[in-house]
Each structure stands twice: as structure tokens, then as C-alpha cells.
Amino acid sequence: MSLLGLSVCLSYLITESALWGYQSKWTNWRNYIPRKQMIFSQQELALFDGSNPELPLLLAVEGDVYDVTPGRGFYGPGSAYNIFVGRDASRAFGTNCLSHKAHRTHDTRGLTEAELAGIKGWHRFFDNHQQYVKIGKVNLDPVDPAAPVPPPCTDAVPKPGSK
């Protein structure tokens, strides 16, 4: 038996995984199924907010749409992160402001570099998640430059490990 075969067998016996418990988007078989990327309007995406249990839970970050149905406990109706599903709430991902409806938008005007980096971090999180799969894009309505910038969030909960 080869060393690789022995490693796979031992890994499965010890961790019940052929890869020693390693999990990433590369170990999710769903990522290897070619699928046509879907294009959503904001109104179509809103149908996947968890109000219909027959439909998957979809959320968008920076216009990319992800199926987060495996995380129904986090994103389903009544859960803390349900505000993210059915829309692109990139601003809320950056500001970590879950209580203000004005932050549940893709409008990122007026955000700091750290908040914009936070959005990029969440985008990477969903893009590399072992269970969540990118299924398409959402056509976002343009932000009216004359519209007021959403007000700053004063009661955002800091991310763990940040100051």
C-alpha cells in the first residue's frame, strides 16, 4: 500500500475524513459541479429571505450571491443573521451594524478603509466557505449620488478580537 493510501485510511479511521478533518471550498464536492451562474434582480433575490421554507436562503456580498441554506440556524427566520438573506447588505457586513435598516444596503459610500476591508473579509469568508456555494450575481440598482449617505452606526457590536 502506498504512503498516500495509508494516510487516507488512517485519516478516515481517526477523523472520519479522508483529509484529516481539513475543510474548505476545495473539499466540497458541490464546487466541482459545473453550474450556470444565475443573475438576480434585487426583487428576485428578496424572495429567498427565508419566509418560504421551500426556497433556499440566499445572500449577496458585493453583488455575488451565495446559497447559505446549510447555515439555516444562522440565517433562517428568527435568527440573528436573517437580516442578511434576500438582499445585498454589504454595508452591514462592513459596519457590523445589524440594528439599523439604513445599513442593510449595498451603498458603501462614506465607509472607512477598515469597514471596506471588513466587507472584503466577509466576501472571502463566503467565497472560501466549505458549505456555502456561489450561485450567481445580483444586478444592484445604482446608488443615487444625491441621496444622503446612511448615518453612522453608534451601536455596532465589535467583531471578536477587534478593539
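The values are calculated or read from the model by the stated rules, or taken from the named source; none is laboratory data. Because the structure is predicted, anything quoted here is derived from the model rather than measured. Cβ: placed from backbone, ideal geometry, glycine included. Neighbour counts: every protein chain shown. Ligands, DNA and RNA are excluded from the accessible area calculation, which covers all protein heavy atoms including side chains. Shrake-Rupley method; radii C 1.70, N 1.55, O 1.52, S 1.80 Å.
Over region 50-163, Cα pairs under 8 Å with separation of 6+ residues give a relative contact order of 29 percent.
Model label sites at Val149 and Leu6, defined 7 Å from Cα along the beta-carbon direction, differ in position by 6.2 nm. At the residue level, Glu44 shows approximately 90 square angstrom of accessible surface with a 1.4 angstrom probe and all protein chains present.
Rounded to the nearest whole Hz, the Karplus-based 3J(HN,Hα) values (6.51 cos²θ - 1.76 cosθ + 1.60, θ = phi - 60°) of region 51-64 follow the sequence 6, 10, x, 7, 9, x, 9, 10, 9, 10, 10, 6, x, 8, with x at glycine and proline. Solvent-accessible surface of protein heavy atoms, probed at 1.4 angstrom with all chains present, puts Asp64, Asp49 in the order Asp49, Asp64, largest first.
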